[in-house]
Amino acid sequence: MNTTSTIEKMQKLRLVGMKRAYESSFETRNQDTFTNDEFIVWLIESEDNQRNNSRTERLLKNARFHYQASIEEINYASERGLDRNSLTRLSDCSFIDRHENIIITGCTGTGKSYLATALGLQSCIKGYKVLYYNLGKLFHKLMIAKADGTYIKELAKIESHDLLILDDFGIQAIDQEKQMILMDLIEDRNQRKSTIFSSQIPVKNWYDLIQEKTIADAILDRIIHSAIRFELKGESMRKKMKK
C-alpha cells in the first residue's frame with residue numbers, strides 16, 4: 001500500500017479531517033486496535049467532526065458577535081428572574097424552526113446582550129446562520145444602502161439568516177425613515193425567520209418609541225405576537241463582576 005499516495009489523494013479531495021486522523025494513526029498505532037470496519041468508521045467520523053467544526057467556525061465569524069458568551073455560563077441567581085428550564089428548552093434552538101421571536105428586556109448591565117449572544121452562539125453550534133447587530137448601527141448601514149442603491153441587496157442578505165439578533169432596541173428614537181426600515185426588516189422575517197430583540201425599554205413602552213402610530217401597530221404586532229419574553233432583574237452584572 002502506497003501511504004504517501006493515499007495521503008496525497010485525501011489532500012486533493014479536501015478530506016482534511018480524514019487525512020489528519022490517518023496521519024496520526026501512524027504515530028499512535030491505534031489502527032492496530034481497530035478492525036478494518038472500525039478503522040474506516042473512525043476515519044469517516046474524524047472527517048465529519050472536522051467539517052462540523054469548520055462550519056461552526058464560519059458561522060461564528062459571519063455572526064459578528066461582539067464577545068463570547070455561553071449557555072453553560074449563564075448566571076441563574078434567583079434575583080435575576082431567569083428561569084433555567086425555559087432557557088434549557090430554548091438551547092436546542094428549535095424556536096428557530098418554529099420561527100419564534102425572543103424579547104429580552106432589563107436595566108443596563110443585567111446581561112441582556114450576553115443572553116442574546118449565548119443563544120446566538122448556541123444556534124451557530126446547531127448549524128443555523130446567525131447575524132448580530134446593534135440596531136442603531138444597522139439603521140445607519142441601511143440608510144447608507146438606501147443612498148447608494150444597495151438597500152434591497154442588504155435586506156436580502158439579512159433575510160437569508162435563520163436568526164437575527166437586534167441589540168439595544170429602542171435606545172435611539174425611531175423616526176420616520178428608521179421606522180420604515182424596521183418595518184421592512186420585520187416584514188421580511190415575519191413567520192419565516194426568528195429575531196431576538198434586546199432592549200432596556202419595557203415592552204409596554206415600545207409603542208411610544210415609533211413615531212407613526214399606524215406603523216407602530218403593524219411593527220409591534222409582528223414582533224410581539226407569540227414572542228418568548230425574558231425580563232432580567234437584579235443588580236448590574238458588570239458591577240458584580242467589578243466587586
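Read the figures in this text as sums done on the coordinates, not as results from a lab. Given the structure is predicted, the values throughout are model-derived calculations rather than measurements. Quick reminder, even Gly has a Cβ in these numbers, built from the backbone with ideal geometry, and neighbours come from all protein chains shown.
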Tell me, what is the FRET efficiency for Glu72 and Glu23 to the nearest 0.05, using R0 = 25 angstrom and their Cβ-Cβ distance as r? 0.15
So if I take the centroid of the Cα atoms in the range 53-123 and the same for the range 185-230, what is the distance between those two points in Å? 19 Å
Residue order, fewest to most surrounding Cβ atoms within 10 angstrom, among Cys93, Cys107: Cys107, Cys93
Peptide ranges 40-51, 139-150 listed from the most packed, as the mean C-beta count within 10 angstrom indicates: 40-51, 139-150
How many nm separate the modelled label positions at Asn53 and Asp148, each set 7 Å beyond the Cα in the direction of the Cβ? 3.7 nm
